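Here is the structure we will look at, set down as structure tokens.
The values are calculated or read from the model by the stated rules, or taken from the named source; none is laboratory data. Here the structure is a predicted model, which is why all the values come from computation and not from measurement. Every residue, glycine among them, receives a Cβ derived from its backbone with ideal geometry; neighbour counts consider all protein chains shown.
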């Protein structure tokens, strides 16, 4: 009988941090066992200790990234926390419509988009409530660290259980086609959204302030496990990518790490942020 090994969770926590900047506390070590079970099976490994020993003795960037992706939280739903979307409908998009009449373009960014529901919710909101935007250049970008969820987002295919989380029946019938137990986003919604892999904590994002300026950025429930320094760096980058009259949405429990860059505004039972002009 083999001797039980003590798993070096500190090594795994550091690996996840180096890949994604997610800070995992020791109290959450139990998550490694539950979230890495599938990866261990696919790799033909017996347990977490074998995974750690393999990573220690053989540099494998793909396996390291797979571990970090598996430990990333991908919780989402359609129209999650409906208040920001209601504020977009009643106030913010009408303001942007007036401000962008000359360019006839609106750009949105769903950072940490997971399987795409936030981006598709935005597209459905526009199609349902703003026919005056027909013919405009509407671009909704979705980015996520995890390749698997980006692949799912591009497909726009969801099980009926996912559809029942926050999505009104009228939206389902109007914007999805049913195939068995799944529903697929219709082409006119699908083509409004573009999804790609991106690490929000990398030195470079796939956007440039010279080329890409966003009117609305969703950065909701993303930074809960980031360090203060990581949050500060990320939000400074977002500040540079947001239009001077654009809007930033964070999660309800999140605040900017550097308040000097942002003006908080309470409206419609929620809070959003405007960028302060650079000094």
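Under the condition of being out of contact with any strand residue (DSSP E or B) (no Cβ under 7 Å at 6 or more places or on another chain) and closer than 30 Å to residue 96 by Cβ, which residue from region 155-166 is modelled with the lowest pLDDT?
Step by step, filter region 155-166, then rank; the result is 166.
Which of the residues belonging to region 51-71 are assigned to a loop (DSSP other than H, G, I, E, B) and free of Cβ contacts under 8 Å to residues at least 40 places away in the same chain?
Listed by number, the residues that qualify are 58, 59, 60.
Considering only residues that are farther than 15 Å from residue 218 by Cβ and touching a strand residue (DSSP E or B) at 6+ places or on another chain (Cβ under 6 Å), look in region 139-154 and name the one that is surrounded by the fewest Cβ atoms within 10 Å (Cβ to Cβ).
Per the stated criteria, the residue is 147.
Looking only at region 167-203, filter to residues that are in contact with a strand residue (DSSP E or B) (Cβ under 7 Å, 6 or more places away or on another chain) and assigned to a helix (DSSP H, G or I); which one of those is modelled with the lowest pLDDT?
The selected residue is 172.
So which residues in region 169-183 are surrounded by fewer than 15 Cβ atoms within 10 Å (Cβ to Cβ) and touching a residue at least 24 places away in the same chain (Cβ under 8 Å)?
Residue satisfying the conditions is 174 alone.
Yes/no matrix, rows are residues, columns are (1) within 16 Å of the chain's Cα centre (by Cα); (2) surrounded by 19 or more Cβ atoms within 10 Å (Cβ to Cβ); (3) not assigned by TED's automatic domain parsing to the domain that holds residue 220:
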| residue | (1), (2), (3) |
| --- | --- |
| 106 | no, yes, no |
| 110 | yes, yes, no |
| 113 | yes, yes, no |
| 116 | yes, yes, no |
| 120 | yes, yes, no |
| 124 | no, yes, no |
| 127 | no, yes, no |
| 132 | no, no, no |
| 135 | no, no, no |
